[in-house]
Amino acid sequence: MTPLLLSCPMKTILRIAVDSPLRQSFDYLPPADFRAELAKPGMRVKVPWRNKTTVGMLLEITNSSTVPSHKLKQAEAILDHSPILPPSLMKLASWAADYYQHPIGEVLLGCLPALLKTSRALPDLAMQPQNELVQNKALNLNTYQQQAINDFNNAAGFQTFLLEGVTGSGKTEVYLQIIAKKIQANQQALILVPEIGLTPQTVARFAERFAVPIAVLHSGLNERERLQAWQQAKNGQAAIIIGTRSAIFAPLLNPGVIIIDEEHDLSFKQQSGFRYSARDLAIIRGQFENIPVILGSATPSLESLANVKRKRYQHLILPIRAGTAEQPTFRVIDIRNQYLEENLSPQLLQAISQHLAQKNQVLLFLNRRGFAPVIICHSCGWVAKCKRCDARLTLHQQPKRLMCHHCDAQQVIPIQCEHCQNKQIIALGVGTERLEKALTKHFPETAIIRIDRDSTRRKGSMQKMLQDIHTGNSQILIGTQMLTKGHHFPAVTLVGIIDADHYLFSQDFRASERLGQLLIQVSGRAGRAEKPGEVLIQTHHPDHPALQALIHKGYSFFAETLLKERHTTQLPPFSHMALLRAEAVISEAPLQFLQEAAKHIRKIFDAEKIFLLGPMPAPMEKKAGRYRAQLFIQIEKRKLLQQLLKELLDHLDKQKTNRKVRWSIDVDPLEIF
Ligand code: ADP
Ligand code: ZN
Ligand code: ZN
């Protein structure tokens with residue numbers, strides 16, 4: 001049904017995006033002093049909204065509206081003299097809103113620093129003097145690095161490159177030399193990294209090489225700092241912009257290259273609200289800006305490898321470590337029937353002693369924070385569970401309490417069983433705190449440092465710990481995932497993977513890929529300088545094929561095997577997925593809602609072309625007091641998926657009966673449980 005066009009055709013209408021969860025734009029009459037020749041898309045407009053005013057973004061100036069003109073409200077003022085967002089960013093935001101099925105207003109206003117979501121004018125920035133490039137520190141490239149740079153230089157305009165280089169192969173050096181050329185040509189480089197707060201080294205390396213202004217954009221900034229960095233990117237003052245995920249929406253005056261470092265990393269996908277992938281948007285932005293995009297990783301995602309095979313990306317390979325460092329050797333420790341001292345096998349303990357005796361550092365990886373993941377009554381088997389989640393409570397000793405890692409609920413540690421009042425309560429399993437305690441007992445003379453979300457909560461503590469590691473004050477490093485990303489610990493020669501089994505058995509079809517990436521990334525911290533590295537992997541499944549392929553044949557072979565599997569099973573990247581999630585306080589409501597949705601999909605779409613999995617309860621059905629369910633939608637062709645989602649969401653948006661159910665759509669989901 002097409003609505004009638006009721007307005008007079010000569011009227012001027014402003015189509016405006018407003019920060020609202022509604023999936024639409026809003027039409028307004030122009031303000032009293034409006035001059036059409038001065039107004040441009042990308043300018044902010046102050047408009048009446050509900051009983052207040054708000055700041056929206058001008059999308060277009062048009063002549064007609066589906067809303068009758070006597071019902072149109074008048075905008076109050078155009079706030080900018082020139083577009084605050086450049087046309088290419090406006091285009092990127094609309095593309096993203098469309099693709100991820102997210103309200104355009106939230107996407108566009110989300111591109112602005114908070115201080116600009118008001119009527120405030122863009123402040124004047126004092127121009128800093130442009131400094132000279134410091135080029136003399138550039139390293140002599142090895143032949144592979146040189147080849148990669150030559151290939152890069154041979155392409156013009158938009159092209160995506162996958163820079164696959166083993167850990168320590170000198171990818172960063174390749175970025176630096178590519179960036180140097182862009183800066184000489186007066187262009188800007190946008191670099192996205194997984195986490196900045198955790199890896200201050202990254203920014204330091206850029207700052208060391210180039211004396212140009214660098215804008216750093218990440219979640220740790222206050223609003224004034226963010227506005228300033230944003231403006232420096234926008235007016236071209238910053239030649240280099242380094243940021244996390246959301247920096248993909250940073251305005252650039254004269255972009256020359258976009259680099260996504262550690263492109264396989266999950267943090268590039270936003271997991272709530274506007275669920276975009278900054279990596280995928282980088283490629284779209286590269287097209288719109290007509291500039292090259294580099295995806296770099298030692299362990300590329302299967303998606304990117306598939307795109308290399310389809311000849312969409314150009315493959316640049318660095319197969320050896322730069323300088324003198326060699327790849328670490330792997331050894332699997334079969335822990336079946338072994339006596340374990342808090343999860344540590346005799347072989348691992350012995351290896352730790354040896355490496356310590358040689359004055360080297362040891363890194364132990366355990367992705368489980370806290371003291372123990374379970375406490376259980378020795379008399380009746382009662383287990384402490386979270387009241388708001390389908391989850392057990394983790395025992396923490398520093399400070400002492402029980403914590404739910406899913407909803408952050410906290411409790412005092414019970415002195416007796418809630419069920420039978422017995423006082424014998426046992427802590428089962430080993431977390432990082434317990435591992436630290438065991439190692440302290442075993443190596444009383446050795447300084448041990450534990451890096452996880454708990455130990456680094458205080459501002460600056462991470463930096464302090466990294467310093468301790470680099471000065472050699474600490475010899476044993478225990479860490480969760482936090483310690484695996486991008487760090488460079490030259491003195492670490494032994495990496496121990498405490499528990500590989502956890503990753504071998506998961507319902508997520510991406511689990512093997514994650515295991516491979518994780519093992520290679522953690523191992524990459526070992527032997528990065530002159531001393532050779534060794535990696536020990538503890539497992540009850542030493543013969544697991546994925547593990548064997550990975551350690552004997554390397555990541556490329558491993559990834560190749562996984563890609564074949566995905567092809568056979570028609571899973572992404574050989575099909576496209578969206579995940580419709582629903583949650584409610586009432587347990588049946590989410591499933592009912594999704595059943596309705598599935599019914600509608602079957603009505604509007606040819607059943608042969610699509611595959612629906614579910615609706616089903618989420619693996620952890622109850623979280624933070626709400627029941628959750630999900631429906632997978634899988635289609636071979638991306639276009640068809642887009643078409644289906646559009647029609648489905650139109651329908652769901654109209655369902656007024658389902659106010660009690662919160663739902664969301666995740667296009668190209670990465671974490672599916
Ligand atoms: P990646 O980013 O691939 O992990 P890096 O760029 O951090 O690797 O390089 C690893 C180490 O090798 C760094 O210490 C770096 O300075 C050094 N390096 C890189 N390229 C060269 C080169 N061509 N010659 C000598 N050392 C190099
Ligand atoms: Zn009991
Ligand atoms: Zn909980």
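In the stretch 376-386, the residue that is surrounded by the most Cβ atoms within 10 Å (Cβ to Cβ) out of those that are away from ligand 3 (no atom under 15 Å from the Cβ) and not aromatic (Phe, Trp, Tyr) is CYS377. In the stretch 168-207, the residue that is farthest from ligand 1 (Cβ to nearest atom) out of those that are more than 20 Å from GLY236 (Cα to Cα) and among the β-branched types (Val, Ile, Thr) is ILE196.
Working carefully through the options CYS389, CYS417, find the one that is within 16 Å of ligand 3 (Cβ to nearest atom), in a loop (DSSP other than H, G, I, E, B) and either of a type in the set (S, T, N, Q) or surrounded by 20 or more Cβ atoms within 10 Å (Cβ to Cβ) (or both).
After applying the criteria, what remains is CYS389.
Looking at the stretch 69-82 only, could you name the residues that are surrounded by 12 or more Cβ atoms within 10 Å (Cβ to Cβ) and either of a type outside the set (Ser, Thr, Tyr) or at pLDDT 90 or above (or both)? Residues satisfying the conditions are LEU72, LYS73, GLN74, ALA75, GLU76, ALA77, ILE78, LEU79, ASP80.
Being in contact with a helix residue (DSSP H, G or I) (Cβ under 8 Å, 6 or more places away or on another chain), surrounded by fewer than 19 Cβ atoms within 10 Å (Cβ to Cβ) and part of a loop (DSSP other than H, G, I, E, B) holds for only one residue in ARG457, ARG453, and it is ARG453. Sub-8 Å Cβ pairs linking a first residue in the stretch 444-461 that is under 16 Å from LEU483 (Cβ atoms) to a second residue that is assigned to a loop (DSSP other than H, G, I, E, B) and of a type in the set (D, E, K, R), at least 6 apart or interchain, are ASP452/ARG369; ARG453/ARG369; ASP454/ARG369, ordered by first then second residue. Looking at the stretch 575-595, can you tell me whether even one residue there is surrounded by fewer than 18 Cβ atoms within 10 Å (Cβ to Cβ) and in a helix (DSSP H, G or I)? Checked the stretch 575-595: at least one residue is surrounded by fewer than 18 Cβ atoms within 10 Å (Cβ to Cβ) and in a helix (DSSP H, G or I). Pick from the stretch 369-400 the residues that are out of contact with any Asp or Glu (no Cβ under 8 Å at 6 or more places or on another chain) and closer than 15 Å to ASP499 by Cα: which of them is farthest from ligand 1 (Cβ to nearest atom)? For the stretch 369-400, the residue satisfying everything is ALA372. Would you check if LEU221 is surrounded by fewer than 20 Cβ atoms within 10 Å (Cβ to Cβ), without any contact (Cβ under 8 Å) to a residue 12 or more places away in the chain and part of a loop (DSSP other than H, G, I, E, B)? So LEU221 passes the test. The criterion of at least 3 residues that are closer than 30 Å to ILE178 by Cβ, touching a residue at least 40 places away in the same chain (Cβ under 8 Å) and of a type outside the set (Asp, Glu) is met, among strands (runs of 3 or more DSSP E) falling completely within the stretch 269-380, by 293-297, 313-318.
The values are calculated or read from the model by the stated rules, or taken from the named source; none is laboratory data. Keep in mind it's a predicted model, so treat the numbers as computed, not measured. Don't worry about glycine lacking a Cβ; one is built from the backbone with ideal geometry, like all the others, and counts go over all protein chains shown.
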